[in-house]
Amino acid sequence: MSLRRRDFLKTASAATLSALAAGAPRLAAANTPKFDIAPTADRVIVLWMAGGMAHTDTFDPKRYTPFEVGIDPSSVLSTFPAVETVVDGVKFSEGLEKIGAVMDRGTICNTYTAGDLGFILHSRHQFHWHTGYAPPITVAAPHIGAWVAKTLGPINPDLPAFIDIGQKFTVGEAEELKAFHTAGFLGSEFGPFMIADPADAVSSVRPPGGMDMGRFQDRNKLFKELVKASPIGEYGSGYQQESLLRSMDNAHRLLTSPAAKAFDLSDEPQEVYEAYNTGKFGLGCLLARRLCEAGTRFIEVTTEYEPFKRWDTHENGHTRMKDLKTLIDAPIARLVLDLEERGLLDNTLVILASEFSRDMVMEGKPGKLVKDQVPVPQELTELKHYGMHRHFTDAGSLLLFGGGIKKGVKYGETADERPCRTVDKPIHIEELHATMYHALGIPADHGYSIEGRPFYVTKDGLGKPVTELFG
Amino acid sequence: MKYIVLSITFIAFCVSLAPAAEDGEAVDYLKDVHPILAEHCYACHAGDKRKGGLHLGTHEGLLKGSESGPVVVPGNSAESLLMEVITTSDEDLLMPPKGRRLNEAEVATLRAWIDAGMPWDESMPKESTYQAPLQLQAATPQSDAPHLVDAFLADYLKAQGLEAGELVSDNLFARRAYLDITGLVPTPEELATFARDKTPGKRARLIQTLLADDRGYAEHWMSFWNDLLRNDFQGTGYIDGGRKQITDWLYDSLYKNRPYDEFVRSLIAPPTEASEGFIKGIVWRGDNAIVQQSAMQAARNVGQVFLGLNLKCASCHDSFVDDWSLDQTFALANCFSDEPMELVRCETPLGKKAGYGFLWPELGDVDGSLPKAERTAKIAELVTTKGNGPFARTIVNRVWALLLGRGIVEPLDSIDQEPWHPELLDALALDFVESGYDLRKLIETIATSQAYQWRAIPASEIADEEYVFRGPTVRHLSAEQFYDALASMTGVWQANPKFIMPEDKTPEELARQEALAKAAAGGKNEEAKAGDNTVEGRRTPVRAWRVPADSLSKALGRTAREQVTTRRETVGTTLQALEFSNGTTLFQQIQLSAEALDNGWDGTAEGLIIRLYEHGLQRAPRVEELQLAYRIVGPDVRREGLEDLLWALTMHPEFQLIY
């Protein structure tokens, strides 16, 4: 352990220092550090339920109370009946039958316990979930995908190692979203390749503005010829010059590589396309499958965060929940099956998560309540008040598939009466991240030195993987 | 104040107590041993503390022992005094004398480590002989070279056994000078004028002329200061008033060349709301831990930005990498706090009130009973006082690094590290102080030196360790320079500026802006922008700094300014190359540029190609280049051919790099 950590940090820091001093490259992706954890996965897909997905109305149903005028909200734990899954003793909320049918391939855990960040806000909790650190932070914290990209490099060198699907930055709180969609101090090389609209993903690997491939290639040829004919040789062939030319080659390699086909959803048989096409998120899952097959190291697909939209159900939660379940149920189940069929599920860790959960009456968590953001009437008179509208942080659902994760298992327990909190085996972000890194063979105290401060993949290097989750 | 210079530090940060190493696993100094020593011993035996002459912060110190002899025998814990004093039942001998004594696990860890021969780590702190003096030190160069920089460098070269660098051509010099001072590339006409001038001293005069261009200077240097002062049009915190822009004030300050000491005082103790955004920091909605709060941000940012020192570690615990302590950081932060602060170590309140004070008590005290405004004014005074050497050194070093690629001290935010030329650094700093903290004069001093004109060295030929100055480093265009260079070649600038030039603040323009903002607020953003996506809509020379970052400028290194940025990342990356190759931002810019060039050009295709080379690369094309370009552009200037040539030229290393 000591050797690994020390030697690696030494290399890393030397590279960082040289980058600071002279603009030289940091540690190259090819210099994969040697760790002594045997990996069970070599790639990751995060399915991000942006906005706060209520566990009691999705993967952890409790006592069902149908809507009636005049009912007391505190009597409502779930607004849907529970349905059986393929796993004995595990029930899901109605509307998630397809995912329920593939749970023999994965683990359900409802004890994700979000960080105590005070006043509960999507922006801070999303940042915390994706970086392991609570904002604001004195150095730019990298997204977990950037850590993975930096540490392990690309699988297929023609493809970016970290691809993020489905999030626009023209929504409310866009700045807060941008703050964690970044490689931070690791350097932009490892940052997310953003695909806002999966249906149009192919445009990110096509020549711009409708330019045909012939002209595109000619243009690059012209560039190379002009450089060759120029007197730059007289300036000495420095690193900066080479990195410019090399990165142009890399970009053109992606755009002309067979791997670029992975971005083109029109390549899919109509039946498959339609099976996934429940909306942008569904197509995002299809794109994720194609990119995973083509060798992308880290993929995140989001339902897309937009204040008060999708999982951010501050009103009308029950009604909206039906649509949300339709949005995710079929494509996620299909993704798991497709990965399995292609022999990829064994080495792909799929994680479904959200920044926190929701409850009908409780904001925060027992013993640490925060200011209510949504008023809940004494008795329910309108359907729009029927739903999980408040932020709850003491439990939350995670689904884990593949990558060495146990199959057909439920991990941890939550209470069956309000507060439906974690009662056994909580998982915090440090543990979840450490578990993901562990699956990839990366120790939780792997890190780099930045400004004299050691900065690790999990906060202060202290994350502990939940080894019980592995089969 | 004693400074400890660290090579590289990886010391555990806010670690909880590490248990003894597991069976069979080697003890790791960094992970297992250091946290124990840091918690129990460093208060008296590290940093500038040497109780009993014992220093436990370095390997040398540990081996040397105390005034009364060795404290450890590597390989033999039983013979090591250290083990005895931490385990003894004799209260008079017991270490630490106060506080929690070491538990069994900790004792076992230290024992195992000593028995294993005290494996050390080369990367751990080494004591340096260099101590940066607090006051600036005047020195006289041996050389009688007329320019301050060249005189000190002549001594240096002699000592190093090196020759002075070869001077670059007029064209390369002009390209450097224009880009460094106004952020633009010189036009062919400007180049020709400069070439025609055969009188001595013309290079110095060019520098002076460029610096006299108030607007050109201000527009270019805004980006540097925005990075440094973490100021932007958008970002986290603005959503609910947790952040304020200082853009108007900053532009005005640069335009008028406000003296740097006064400039900094206005940022630390803002006389009006216009400059208060910096010291207020970024406050996210919600409950923030003490280390994230405004006062602590103020202390850290004052330290980093103006004094070139890092208080980030010491805002959470006594720093392991230098001598700054938690108490000192809190005392500084407390001066910016509305309420008296309590000390918090790694998120644990210590139940002690923080004091008030500045980092170097020898410069003066801060009376905690004064109201906040007076306390901050006192801090502003102490930061900018003439006795505060790090203040002038830090900005001098930053400007040097910008113009020549690498600082006289590195990293730029550790001004207490050993400079490769301490006398030069202090001479420049003293000159800067004597000039009345004149930033433009500082740039002039550096840029009129011979050294600034030396041939540039590729970064890869520069050794980090044992750095030797052999000339400027090859640099990348910044994102803003890239955009502006292309714009100045073609006359197609940015759309939708977020900053209106003071001279443009006519009632009509303000009304137009208001209408645009209204349209954007009403969800008609696209409509509002549509008119700007034409050549005509983009004739006004709006420089790139005046618009928010986009995917291309970010790929080119423009930072999000969520943290203070003192140096941008300028490595060619694949994501950047993808933006170049198929990003829509550049493609649209190129399309509009080609349209504007095409429509506005009466001459021949050859003439256009030559002009593009002269304006973009500051040289005429070679015959072969002209032929290649002509082949794609064609005799009648084919639009697509022109687009492709423009693209290829902007991708060219000679365009993107400053040689």
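Any read-out appearing in this document is the output of simple, stated calculations on the displayed coordinates, not a laboratory observation. Because the structure is a prediction, the values reported are computed rather than measured. Every residue, glycine as well, gets a Cβ built from its backbone with ideal geometry; the counts of neighbours run over all protein chains shown.
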Of B:54, B:35, B:73, whose Cα points farthest to the positive end of the dipole of the range B:34-85 (charges on the beta-carbon: +1 Lys, Arg; -1 Asp, Glu; origin at the Cα centre)?
-> B:54
Along the range B:54-70, what does the Karplus equation 6.51 cos²θ - 1.76 cosθ + 1.60 (θ = phi - 60°) give for ³J(HN,Hα), rounded to whole Hz, x for Gly and Pro?
-> 9, 10, 9, x, 10, 4, 4, x, 4, 6, 5, x, 10, 4, 9, x, x
Determine the percent antiparallel among the DSSP beta bridges restricted to chain B, to the nearest 5.
-> 90
List the lysines whose alpha-carbon lies under 16 Å from that of residue A:322, not counting same-chain residues fewer than 8 positions away?
-> A:98, A:309, A:384
Give the long-range amide H neighbours of residue B:66: residues separated by 5 or more places, or on another chain, with amide H under 5 Å away, using H modelled in the peptide plane at 1.01 Å from N.
-> B:71
Provide the three semi-axes, in whole Å and in decreasing order, of the ellipsoid equivalent to the range A:96-248 as defined by the square roots of 5 times the Cα gyration tensor eigenvalues.
-> 39, 22, 16
Whole-number value, in Å³ per residue, for the convex hull of the alpha carbons of the range A:409-471 is 82
Against the globular-protein guess of 2.2 N^0.38 Å, express the Cα radius of gyration of the range B:237-383 as a ratio, rounded to two decimals.
-> 1.03
Once the other residues with Cβ under 15 Å from the Cβ of residue B:203 are scored (Lys, Arg +1; Asp, Glu -1), what is the net sum?
-> 0
With the convex hull built on the Cα atoms of the range A:327-471, state its orientation-averaged projected area in nm².
-> 12.2
To the nearest whole number, what is the average tally of beta carbon atoms from other chains within 10 Å of the beta carbons of peptide B:236-242?
-> 4
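About the Cα centre of chain B, what is the dipole size in debye to 20, counting +1 per Lys and Arg Cβ and -1 per Asp and Glu Cβ, all else neutral? Could the numbers behind the result be given before it?
Values: 66 positive and 97 negative charges, 290 e Å.
It comes to approximately 1400 debye.
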Set of lysines with alpha-carbon distance to residue B:64 below 29 Å, sequence-local pairs under 8 removed | A:10, B:2, B:31, B:49, B:51, B:98, B:126
Any idea what angle helix B:623-633 forms with the longest principal axis of chain B, computed on alpha-carbon atoms, 0 to 90 degrees, nearest 10?
-> 70
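If you count, for each residue, the other Cβ atoms within 10 Å and average over each peptide, how do A:371-384, A:428-441, B:609-622 line up from highest to lowest?
Numbers: A:371-384: 13.0, A:428-441: 24.2, B:609-622: 20.3.
Result, highest mean first: A:428-441, B:609-622, A:371-384.
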How big is the gap, in Å, between the Cα center of the range A:92-130 and the Cα center of the range B:321-358?
-> 38
Can you list the residues, at least 5 places off or on another chain, whose amide H is less than 5 Å from the amide H of residue A:374, using H built in the peptide plane?
-> none
Please give the average number of partner chain Cβ atoms lying within 10 Å of the Cβ of each residue in B:576-589, rounded to a whole number.
-> 6
In whole Å, largest first, the alpha carbons of the range A:284-366 cover along the principal axes 44, 26, 19
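Could you work out the local net charge near residue A:166, counting Lys and Arg as +1, Asp and Glu as -1, over the other residues with Cβ closer than 12 Å to its Cβ? Mind showing how you got there, number by number?
Numbers: positive: A:168, A:280, A:310; negative: A:164, A:197, A:200, A:300, A:304, A:306.
Taking every Cβ under 12 Å from that of residue A:166, the sum is -3.
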The range B:421-522: trypsin sites (Lys or Arg not before Pro) in DSSP loop, at most 13 other beta carbons within 10 Å = B:505
Amide H neighbours of residue B:457 at under 5 Å, excluding residues fewer than 5 places away on the same chain, with H built from the backbone geometry, are B:473, B:474
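Remind me, relative contact order of the range A:346-471 in percent, using alpha carbon pairs under 8 angstrom and six or more residues apart?
Working: 201 pairs, mean separation 29.8, N = 126.
Normalised by residue count, the contact order of the range A:346-471 is 24 percent.
State to the nearest 20 debye the size of the charge dipole of the range A:394-471 about its Cα centre, where the only charges are +1 on K and R beta carbons and -1 on D and E beta carbons.
Numbers: 9 positive and 11 negative charges, 46 e Å.
Roughly 220 debye for the range A:394-471.
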All aspartates and glutamates inside 15 Å of residue A:280 as judged from Cα atoms, apart from same-chain residues fewer than 8 positions distant = A:164, A:197, A:200, A:264, A:300, A:304, A:306, A:323, A:329
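If you add up the charges near residue B:617, with Lys and Arg at +1 and Asp and Glu at -1, over every other residue whose beta carbon is less than 9 angstrom from its beta carbon, what do you get?
Details: positive: B:175, B:619; negative: B:614, B:654.
Net charge around residue B:617: 0.
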Using only Cα atoms, what Kirkwood radius does the range B:138-279 have, in angstroms?
-> 18.4
Work out the charge dipole of the protein assembly as shown with +1 on the Cβ of Lys and Arg and -1 on the Cβ of Asp and Glu about the Cα centre, then indicate which of B:564, A:419, B:368 is farthest towards its positive end.
-> B:564
Based on the mean of other beta carbon atoms within 10 Å per residue, what is the order of A:347-360, B:576-589, most packed first?
-> A:347-360, B:576-589
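May I ask you to work out the translational diffusion coefficient for the range B:170-212 at 4 °C, viscosity 1.567 mPa s, via Stokes-Einstein with Rh from the Kirkwood sum over Cα pairs, reported in whole µm²/s? Write down the numbers at each step before the final one.
Working: Rh = 10.2 Å.
Here the translational diffusion coefficient equals 127 µm²/s.
Just how large is the dipole of the protein assembly as shown about the Cα centre, in debye to the nearest 20, putting +1 at every Lys and Arg Cβ and -1 at every Asp and Glu Cβ?
On the way: 117 positive and 158 negative charges, 187 e Å.
Here the size comes out at about 900 debye.
Using only Cα atoms, what Kirkwood radius does chain A have, in angstroms?
Details: mean 1/r = 0.0429 Å⁻¹.
After inverting the pairwise mean of 1/r, the radius is 23.3 Å.
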Roughly speaking, what is the centre-to-centre gap between the range A:367-389 and the range B:359-408 when only Cα atoms are used, to the nearest Å?
-> 52
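Using alpha carbon coordinates only, what is the Rg to Rh ratio of chain B, with Rh defined as the Kirkwood radius?
Working: Rg = 28.7 Å, Rh = 28.0 Å.
Looking at chain B, the ratio lands at 1.02.
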Binning at 10 Å from 0, report for the protein assembly as shown what percent of all alpha-carbon pair distances ends up in each bin.
-> 2, 9, 17, 22, 21, 16, 9, 3, 1, 0
Which residue, chosen from A:191, A:89, A:291, occupies the Cα position most advanced towards the positive end of the dipole of chain A, where the dipole is computed from +1 (Lys, Arg) and -1 (Asp, Glu) charges on Cβ about the Cα centre?
-> A:191
A correct Kirkwood calculation over the Cα atoms of the range B:413-499 returns a hydrodynamic radius in Å of 16.4
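Within a 10 angstrom radius of each residue's Cβ in A:216-222, how many Cβ atoms of other chains show up on average? Whole number is fine.
Partner-chain Cβ atoms within 10 Å, mean over residues of A:216-222: 5.
What length, rounded to one decimal in nm, is gained on full extension from residue B:601 through to residue B:160, with 0.36 nm per residue of separation minus their alpha-carbon distance? Before the final figure, lay out the partial values.
Values: separation 441, 0.36 × 441 = 158.76 nm, distance 5.34 nm.
That works out to 153.4 nm of additional length.
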